[in-house]
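Read through the structure below, which is laid out as structure tokens, and then see the notes.
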Amino acid sequence: MDTELLRRFKDQLTRRPLFGPFCKSSDAGVIEALGHAGFDFVILDMEHGPNTVETIQQLLRAAEVVGILPVVRVPAADAEMISKVLDVGAAGVQIPQIASAEDVEAARRAAKFAPSGERGVCRFVRAAGYSSTEKNEYFKEANEALLVIQVEGQAASDNLEHILDVPGPDVVFIGPYDLSQSLGVPGQIEHPLVVEKMNQIVDTCLQRGIVVGNFTETPEQTAFWTKRGLRYMSFSVDMGIMYEAGRMLVSELHRNSAVTD
């Protein structure tokens, strides 16, 4: 974990929106390309993607080469998986399906060493330079890893005040697709019911000075939510970005190469 990069990232979150796509690819070259493109961070997806801890480790190396902050979305609030991705060097973990204060407590305990948590201790891991980092320094710096909790269902919305009472998370991330499903309009992330519920969550978080993020698919959606004060902005998915760019390019190629009789 690049501690200086992480500290700059956290500082910038208080100043401006930061942008990063979800990444479902297991190809390190994709991560390098995203970094060269200028994205601030990337969310390496283990919930809806083929990645394993082994492939994540290679993607983390690629992220470090180009200076893009790597956050790993684990499949669930599983202590073993959270520990593993942090051990291989993730700069942060993103936990899906948080629904209660107890879920937040469990995520924090898994992601932090004592006194903040009870993450399993081993300093002979990649995150500690395979023991080359002085152990007290490692344990202190490791506890700076970004902790992002996803609030994305009716239960989370109902329990939001209690969820926010738990110290530890750096970002509350609104999952609009799961939220839309919980509201009975699956996939309709711009439906008035979804937007209204998201605005309620945003207002509650911002009133407490908590950084908020969400997922968007278009520049217009992104502009709407950044104007509402959101900062941790996940824009689209690597495969979707590739598809859209390819589709537009193919359309342009056909249009410019049309043969007229």
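All of (1) within 27 Å of Ala62 (Cα to Cα); (2) within 17 Å of the chain's Cα centre (by Cα); (3) hydroxyl-bearing (Ser, Thr, Tyr) hold for Tyr177 with one exception: (1).
Results for (1) surrounded by 23 or more Cβ atoms within 10 Å (Cβ to Cβ); (2) at pLDDT 95 or above; (3) touching a helix residue (DSSP H, G or I) at 6+ places or on another chain (Cβ under 9 Å); (4) in a helix (DSSP H, G or I), shown as yes or no for each residue.
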{"site": "Glu144", "(1), (2), (3), (4)": "no, yes, yes, no"}
{"site": "Ala156", "(1), (2), (3), (4)": "yes, no, yes, yes"}
{"site": "His162", "(1), (2), (3), (4)": "no, yes, yes, yes"}
{"site": "Val185", "(1), (2), (3), (4)": "no, yes, yes, no"}
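Among the conditions (1) within 16 Å of Ala145 (Cα to Cα); (2) polar (S, T, N, Q); (3) at pLDDT 95 or above, the only one that Thr3 does not satisfy is (3). What are the pairs, 6+ residues apart or on separate chains, where a residue within region 213-224 that is surrounded by fewer than 21 Cβ atoms within 10 Å (Cβ to Cβ) has its Cβ under 7 Å from a residue that is at pLDDT 95 or above and not hydroxyl-bearing (Ser, Thr, Tyr)? Sorted first by the residue in region 213-224, then by its partner, the pairs are Thr222/Met233; Thr222/Phe235. Take Arg119 and decide whether it is within 22 Å of Val53 (Cα to Cα) and surrounded by fewer than 22 Cβ atoms within 10 Å (Cβ to Cβ). Considered against the rule, which asks whether it is within 22 Å of Val53 (Cα to Cα) and surrounded by fewer than 22 Cβ atoms within 10 Å (Cβ to Cβ), Arg119 comes out as no. Note on region 45-70: residues that are under 15 Å from Ile241 (Cβ atoms) and of a type in the set (A, V, I, L, M) amount to 1. Does region 112-125 include one or more residues that are without any contact (Cβ under 8 Å) to a residue 60 or more places away in the chain, of a type in the set (Asp, Glu), assigned to a loop (DSSP other than H, G, I, E, B) and within 29 Å of Asp165 (Cα to Cα)? For region 112-125, residues without any contact (Cβ under 8 Å) to a residue 60 or more places away in the chain, of a type in the set (Asp, Glu), assigned to a loop (DSSP other than H, G, I, E, B) and within 29 Å of Asp165 (Cα to Cα): present.
For region 227-261, what are the residues that are within 22 Å of Pro50 (Cα to Cα) and part of a helix (DSSP H, G or I)? Asp238, Met239, Gly240, Ile241, Met242, Tyr243, Glu244, listed by residue number. Every condition in (1) in contact with a Ser or Thr (Cβ under 8 Å, 6 or more places away or on another chain); (2) at positive phi; (3) aromatic (Phe, Trp, Tyr) is met by Phe124 except one, and the failing one is (2). Among strands (runs of 3 or more DSSP E) entirely within region 1-98, having at least 3 residues that are touching a Cys at 6+ places or on another chain (Cβ under 7 Å) and touching a residue at least 24 places away in the same chain (Cβ under 8 Å) singles out 41-45.
On the stretch given as region 187-212, residues that are at pLDDT 95 or above, farther than 24 Å from Val166 by Cα and exposed (fewer than 13 other Cβ atoms within 10 Å of the Cβ) total 2. Scanning region 64-80 for residues that are among the aliphatic types (A, V, I, L, M) and within 15 Å of Phe113 (Cα to Cα) gives a single hit, Ala79. Only a single criterion out of (1) surrounded by 15 or more Cβ atoms within 10 Å (Cβ to Cβ); (2) part of a helix (DSSP H, G or I); (3) on the phi > 0 side of the Ramachandran plot is not satisfied by Phe139, namely (3). Touching a helix residue (DSSP H, G or I) at 6+ places or on another chain (Cβ under 9 Å) and either surrounded by fewer than 19 Cβ atoms within 10 Å (Cβ to Cβ) or at pLDDT below 95 (or both): is that true of Ala111 in this structure? No: the conditions fail for Ala111. Checked against (1) surrounded by fewer than 17 Cβ atoms within 10 Å (Cβ to Cβ); (2) at pLDDT 95 or above; (3) not small (Gly, Ala, Ser), His48 meets all criteria but (2). Scanning region 190-236 for residues that are closer than 22 Å to Phe22 by Cβ and acidic (Asp, Glu) yields a count of 3.
The values are calculated or read from the model by the stated rules, or taken from the named source; none is laboratory data. Please read all numbers here as calculations on a predicted model, not as lab measurements. Neighbour counts are summed over all protein chains in view; Cβ atoms, including those assigned to glycine, are modelled from backbone coordinates with ideal geometry.
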